[in-house]
Every structure is written in structure tokens, then in C-alpha cells.
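Visitor: One structure, pasted below without further comment.
The values are calculated or read from the model by the stated rules, or taken from the named source; none is laboratory data. Bear in mind the structure is a predicted one, so any value in this text is a computation, not a measurement. When we count neighbours, we look across all protein chains shown, and the Cβ atoms used for this are built from the backbone with ideal geometry, even at glycine. To get the accessible areas, we keep the full protein, side chains included, count just its heavy atoms, and leave off ligands, DNA and RNA. Shrake-Rupley method; radii C 1.70, N 1.55, O 1.52, S 1.80 Å.
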Amino acid sequence: MATLGIIGSGNIGSAVARLAVAAGMNVVIANSRGPETLSDLVAELGPLATAGTVEDAAKLGDAVVLSIPLKAVSELPAGLLDGKIVLDTSNYYPSRDGRIAALDDSTVTTSELVQSWLPGAQYVKAFNNILAHHIPLLARPSGAADRSALPIASDDGAAKAEAAALIDALGYDAVDAGTLAESWRFEPDSAGYTRLYLADPSTPEDQLMSSAPGTTPTEKARSALESATRVNVADRVF
């Protein structure tokens, strides 16, 4: 039975954990505050889930979902994720992360920056473009007519294939969005980001966190990625 390590117990990490246990996977989930703070979540997730340290999640996971604030990724222990398939949900939010010059001037994408911090990982960008509450609501069994798709990007073809298989097991099709240099297509404010999964794409900003999801099949996701234009990250204030 596969084990999924999850570093980060916030909204995205917890949502992916719910999909994993529903798919029959073992889950080791960790956060920066310690395993003792995760007792309620683990109790909710059931017997397939355990709380551990960040080191536990990295060591025990056959693959690892990394879902922590961007600025915290650079503070992870060196070599922690070496050799691991890592699905990274990071986005750059200047209001939280502070201004990062290399992102503001588009020298690199967010995922290229994170890959530079995790040089030994088999790195894939995933689960960063969908609202957390939509993750469990849109998951469907493989082959379902109303299945949605998530974009993934990586410079590692083998890692991308393994990530796609994991995402399939969790309830989504995967759309190849290209290399990390192209991952801006599903970063904040892009055509491939969050509103793609709304039943009503015109939903006001202040209602997004309670918005209803809409099925987003592979062709719709692929079309959004292809139509995307690169956002001027320096203009981002949230």
C-alpha cells in the first residue's frame, strides 16, 4: 500500500490527505508546529493517517506533497527531499511571502525557484491552481464522465509521469503543462488558475471561498493553459 507524505496541514494539504485516505493510501502528515497539533485532523482522516514530523513525512512517503508557504520552503533542512517525488503546491503571494526580486522581474517562475531550493528532489508543480474546498468536491473515479483535470509541470519526465499516476489515483486527470519555465500558465491571475474550476467564473472575489465548483475536463484545462498570457508578477499585491 502506497504512503503519501504531506508536509503542510493547511487547507490544501488537508484536502489532499482526505483524497489519499479515500483512495486507500497511507498518509503521514506533518506541520511546523509538531505532531501533537494534528490529533483532530488525524482522527478525522481515520486509521490510514498518522501524524509525524516533517522528517517522518519526507522519509516515509513514497511521494511527498509539499504544501507550505513559499518562504518556508527555503528553510527546509538541506537534502530533506532528495530522491523523492515531490508535488509542490507553492504560489507566490507577496502579502505573505514578502517581495522576491527574481519573481517580480520574471527571471524565474515560482516553481523554478522552488526547484533551485530542492535540487535533489524529483520536482513537480501540482495542486497550486485549485481552491482547497474544490479539491474533494471535484474528485471522481478514473473514467467518470464528469472528471476534472489538473495541470502539472516539471523538467523531469519520469517524475511527471509518476505524479500523473498519483493524481489519477486521487481522483483527477493530469494535463501536461510543460516545463517549469511554462508553469506561469497556471499561477495566480492566469487563465489556468482557480476560476477555471468555478461553476460561475464571474463569482466575486469575496465569495470565492464559498463558491460552487464546476467540472473542468481535460480539454477545458488544456485550452485555458494554451490561451494564458504571462502575468506581470510585480503588479501582484495579494
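Visitor: Just to be sure I understand, how many residues within the stretch 192-216 are farther than 13 Å from H134 by Cβ and under 18 Å from the mean Cα position of the chain (by Cα)?
Guide: Residues flagged as farther than 13 Å from H134 by Cβ and under 18 Å from the mean Cα position of the chain (by Cα) within the stretch 192-216 amount to 1.
Visitor: If you check S183, S223, S202, which single one turns out to be part of a helix (DSSP H, G or I), hydroxyl-bearing (S, T, Y) and surrounded by fewer than 21 Cβ atoms within 10 Å (Cβ to Cβ)?
Guide: Every option except S223 fails the conditions.
Visitor: Still on this structure, I have one more. For the stretch 80-133: of the residues being touching a residue at least 60 places away in the same chain (Cβ under 8 Å) and assigned to a helix (DSSP H, G or I), which is most open to solvent (accessible area, probe 1.4 Å)?
Guide: The residue in question is S95.
Here is a yes/no grid of residues against (1) among the hydrophobic types (A, V, I, L, M, F, W, C); (2) out of contact with any Lys or Arg (no Cβ under 8 Å at 6 or more places or on another chain):
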{"residue": "G143", "(1), (2)": "no, yes"}
{"residue": "G157", "(1), (2)": "no, yes"}
{"residue": "E162", "(1), (2)": "no, yes"}
{"residue": "L166", "(1), (2)": "yes, yes"}
{"residue": "A177", "(1), (2)": "yes, no"}
{"residue": "Y193", "(1), (2)": "no, yes"}
{"residue": "Q207", "(1), (2)": "no, yes"}
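Visitor: Next up: Search the stretch 48-70 for residues that are more than 20 Å from A164 (Cα to Cα) and pair each with any residue that is in a loop (DSSP other than H, G, I, E, B) and among the aromatic types (F, W, Y) when their beta-carbon atoms are under 6 Å apart and the residues are at least 6 apart or on different chains.
Guide: From the stretch 48-70, the pairs are L70/Y92.
Visitor: Let me ask something additional. Restricting attention to the stretch 13-27, does a residue exist that is of a type outside the set (G, A, S) and in contact with a Ser or Thr (Cβ under 6 Å, 6 or more places away or on another chain)? Explain how you work it out, then say what you get.
Guide: Applying the first criterion (of a type outside the set (G, A, S)) to the stretch 13-27 yields 16, 18-19, 21, 25-27.
When the remaining residues are screened for being in contact with a Ser or Thr (Cβ under 6 Å, 6 or more places away or on another chain), the result is 26.
Yes, some residue in the stretch 13-27 is of a type outside the set (G, A, S) and in contact with a Ser or Thr (Cβ under 6 Å, 6 or more places away or on another chain).
Visitor: For the stretch 141-160, which positions are in a loop (DSSP other than H, G, I, E, B) and either within 20 Å of S223 (Cβ to Cβ) or open to solvent by less than 60 Å² (accessible area, probe 1.4 Å) (or both)?
Guide: A144, A145, D146, R147, S148, S154, D156
Visitor: I've got another one for you. Looking only at residues in the stretch 161-174 that are without any contact (Cβ under 8 Å) to a residue 60 or more places away in the chain and over 21 Å from K84 (Cα atoms), which one is most open to solvent (accessible area, probe 1.4 Å)?
Guide: D173
Visitor: Let me ask another. Can you tell me how many residues in the stretch 1-20 are in contact (Cβ under 8 Å) with a residue 60 or more places away in the chain and over 12 Å from the mean Cα position of the chain (by Cα)?
Guide: Selection size over the stretch 1-20: 6.
Visitor: Same structure again: Within the stretch 187-230, count every residue that is in contact with a Phe, Trp or Tyr (Cβ under 7 Å, 6 or more places away or on another chain) and closer than 19 Å to A177 by Cα.
Guide: Within the stretch 187-230, the subset in contact with a Phe, Trp or Tyr (Cβ under 7 Å, 6 or more places away or on another chain) is 187, 190, 192-193, 213-214, 216, 225, 230.
With the extra rule that they be closer than 19 Å to A177 by Cα, the set shrinks to 187, 190, 192-193, 216, 225, 230.
Final tally of qualifying residues: 7.
Visitor: Determine which member of the set G120, G83 is in contact with a strand residue (DSSP E or B) (Cβ under 9 Å, 6 or more places away or on another chain) and at pLDDT 95 or above. Full working, then the answer.
Guide: Working: G120 fails: in contact with a strand residue (DSSP E or B) (Cβ under 9 Å, 6 or more places away or on another chain).
None of the other options fit; the residue is G83.
Visitor: Right, something else. Suppose we filter the stretch 205-220 for residues that are part of a loop (DSSP other than H, G, I, E, B) and buried (at least 16 other Cβ atoms within 10 Å of the Cβ); how many remain?
Guide: 3
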